[in-house]
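FYI, it's all coordinate maths here, none of it is from the lab. Because the structure is a prediction, the values reported are computed rather than measured. Using ideal geometry, Cβ is built from the backbone for each residue, glycine included, and neighbour counts are taken over all protein chains shown.
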Amino acid sequence: MKAVVLEKTCKADELKVSEVPIPEIKPDWILVKVLGFGINRAEIVLRDYEADEDYINLPVIPGIECVGEVVDPSDAPFEKGDKVVALMGGMGRTFDGSYCEYALLPKKNVFKIKEDVFDSLSLEEIIAIPETYFTAYGSIEGLQLKKDDSILIRGATSATGITAMQLAKAIGATVIATSRDESRFEMLKDNGADEVLVDDGKLEEKIPDGVDKVLELIGPKTLEDSMKCLREFGICCNTGILGGMEYVPEFDPIKTIPNNRYLTSFFSNYPTQEIMDRLFQFVIDNDISPKIGKIFTDLDEISQAHKLMESNEAQGKIIFRLI
Ligand SMILES: NC(=O)c1ccc[n+]([C@@H]2O[C@H](COP(=O)([O-])OP(=O)(O)OC[C@H]3O[C@@H](n4cnc5c(N)ncnc54)[C@H](OP(=O)(O)O)[C@@H]3O)[C@@H](O)[C@H]2O)c1
């Protein structure tokens with residue numbers, strides 16, 4: 001089969017497709033034909049520097065998510081031909097991921113897609129959903145977002161940010177969305193933003209009345225400022241690291257978290273069938289259409305896909321549809 005095999009950290013241009021054997025089935029694992037997969041920042045990080053870490057099992061096929069069709073379920077409760085999503089739990093890091101034609105995946109990370117999902121969403125839309133929607137949905141749940149809440153979404157032009165805006169609007173919240181680039185304001189408004197702001201790292205003064213919730217996708221770089229944007233009893237969820245910082249240096253919780261404000265986070269490593277079902281139902285019930293930035297159809301275009309993500313020009317989810 002065709003697969004992108006990462007042997008060491010490299011530049012986007014150096015990614016290439018190889019011929020490798022189709023993996024052999026084994027107990028507790030499921031062989032899946034990959035119908036498509038989304039591209040994620042995590043895979044840029046893996047290729048750039050994370051591949052040097054001990055826990056990365058090199059050589060590895062990257063790819064932390066996919067939509068597929070079961071070829072051999074082994075001992076798992078699936079039928080041949082079932083359509084499934086798979087994501088995270090070490091996928092594309094400690095075991096081979098989705099940048100390939102057939103993936104062998106642990107059964108705990110594979111979730112059935114109910115047949116009626118295909119009545120409401122196209123295959124491309126379903127491919128755009130697993131990791132990005134799970135992350136945005138999980139963050140919005142963690143924020144306990146309610147109708148009439150105001151929410152500030154930092155890094156809103158990201159695939160995760162656009163998705164979070166769609167979900168927040170479906171709940172009935174008021175959305176303040178940010179970008180570093182004013183030319184993206186129109187796109188943000190078209191996707192649900194009620195108000196738009198340029199993010200220069202200091203939003204506290206631009207939002208004098210504060211907000212009920214903040215979805216922090218820039219991350220530790222702007223977290224302290226985000227905490228200052230919260231009204232009393234407000235919640236900030238740190239989900240992203242777009243600003244390039246993974247940690248808050250010398251984090252002092254007493255000074256960083258103002259009185260009666262709450263800080264939480266979301267990590268997409270623990271999906272379940274129940275949450276995936278709930279998420280697809282929410283998307284369908286609210287007539288949400290995933291915003292796709294670019295569809296590739298040939299694995300050989302993997303370098304272009306990584307370069308597009310690095311350019312920050314995609315304005316939506318970058319996906320590969322392989323059938
Ligand atoms: N916690 C989890 O489990 C989890 C799961 C999935 C994703 N994530 C994280 O969520 C974030 C979003 O991921 P994504 O795949 O949706 O991203 P994406 O679509 O690739 O994001 C692109 C956007 O990022 C913004 N951006 C890029 N570099 C930036 C910088 N230095 N400062 C501020 N903004 C910057 C740009 O916004 P402008 O140019 O418009 O400002 C650009 O439009 C990432 O940090 C990712 O690692 C976390």
Please list, by residue number, every one of the GluC sites (Glu not before Pro) in region 16-87 that is coil in DSSP and has at most 16 other beta-carbon atoms within 10 Å.
GLU24, GLU53, GLU79
Inter-part distance where region 162-241 and region 270-315 are each reduced to a Cα centre, Å
21
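In the structure shown, do any of LYS114/LYS291; LYS169/LYS317; LYS221/LYS255; LYS11/LYS33; LYS147/LYS221 have a Cα-Cα gap over 23 Å, and if so which? Mind dumping the intermediate values first?
Numbers: LYS114/LYS291 21 Å; LYS169/LYS317 19 Å; LYS221/LYS255 16 Å; LYS11/LYS33 28 Å; LYS147/LYS221 29 Å.
With Cα atoms farther than 23 Å apart: LYS11/LYS33; LYS147/LYS221.
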For the chain, longest principal axis from Cα atoms; helix 130-142 axis from its Cα atoms; angle between them, nearest 10 degrees, is 30
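Within 10 Å, at most 12 other Cβ atoms, and a DSSP state outside H, G, I, E, B define an exposed site. Report the longest part of the chain free of exposed chymotrypsin sites (Phe, Trp or Tyr not before Pro). Please report the intermediate quantities before stating the final value.
Numbers: sites that count: TYR49, TYR55, TYR247, PHE251, PHE267.
Maximal segment without exposed cleavage sites: 56-246.
Between beta-carbons, use under 15 Å as the cut-off and find the net charge around LYS189, counting Lys and Arg +1, Asp and Glu -1. Please list the in-between numbers first.
Values: positive: LYS169, ARG184, LYS291; negative: ASP181, GLU182, GLU186, ASP190, ASP194, GLU195.
It works out to a net charge of -3.
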Give the angle, between 0 and 90 degrees and rounded to the nearest 10, that separates the Cα long axis of helix 159-171 from the longest principal axis of the Cα atoms of the chain.
60
Provide the packing ranking of 189-199, 150-160, 173-183, 212-222, i.e. peptides ordered by the mean count of other C-beta atoms within 10 Å per residue, highest first.
150-160, 212-222, 173-183, 189-199
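Return the calculated 222 nm mean residue ellipticity for the chain, to the nearest 500 deg cm²/dmol, obtained by summing -39500 (n - 2.57) across DSSP H runs with n ≥ 4 and dividing by the residue count.
Details: 10 runs with 82 residues, N = 323.
Result for the chain: -7000 deg cm²/dmol, rounded to the nearest 500.
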When the gyration tensor of the chain is built from Cα positions, what are the square roots of 5 times its three eigenvalues, in whole Å, from largest to smallest?
34, 21, 18
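First check a/c for region 18-75, with a ≥ b ≥ c the square roots of the eigenvalues of its C-alpha gyration tensor; if it is under 1.5, answer rounded, and if not, answer prolate when a/b is larger than b/c or oblate otherwise. Write down the numbers at each step before the final one.
Values: a/c = 2.22, a/b = 1.63, b/c = 1.36.
Prolate, since a/c reaches 1.5 and a/b exceeds b/c.
How big is the charge dipole of region 154-221 about its Cα centre, in debye rounded to the nearest 20, if each Lys and Arg gets +1 on its Cβ and each Asp and Glu gets -1 on its Cβ?
Details: 9 positive and 13 negative charges, 49 e Å.
For region 154-221, the charge dipole is close to 240 debye.
Report, in cubic angstrom per residue, the convex hull volume of the C-alpha atoms of region 132-265. Show your work: numbers first, answer last.
On the way: hull volume 12.4 nm³, N = 134.
Once divided by residue count, the hull of region 132-265 is 93 Å³.
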Which whole-number percentage describes the relative contact order of region 132-265, with Cα contacts under 8 Å and a sequence gap of 6 or more?
23
For region 277-284, 3J(HN,Hα) per residue [Karplus equation, 6.51 cos²θ - 1.76 cosθ + 1.60, θ = phi - 60°, Hz, x = Gly/Pro]
4, 4, 5, 4, 5, 4, 4, 5
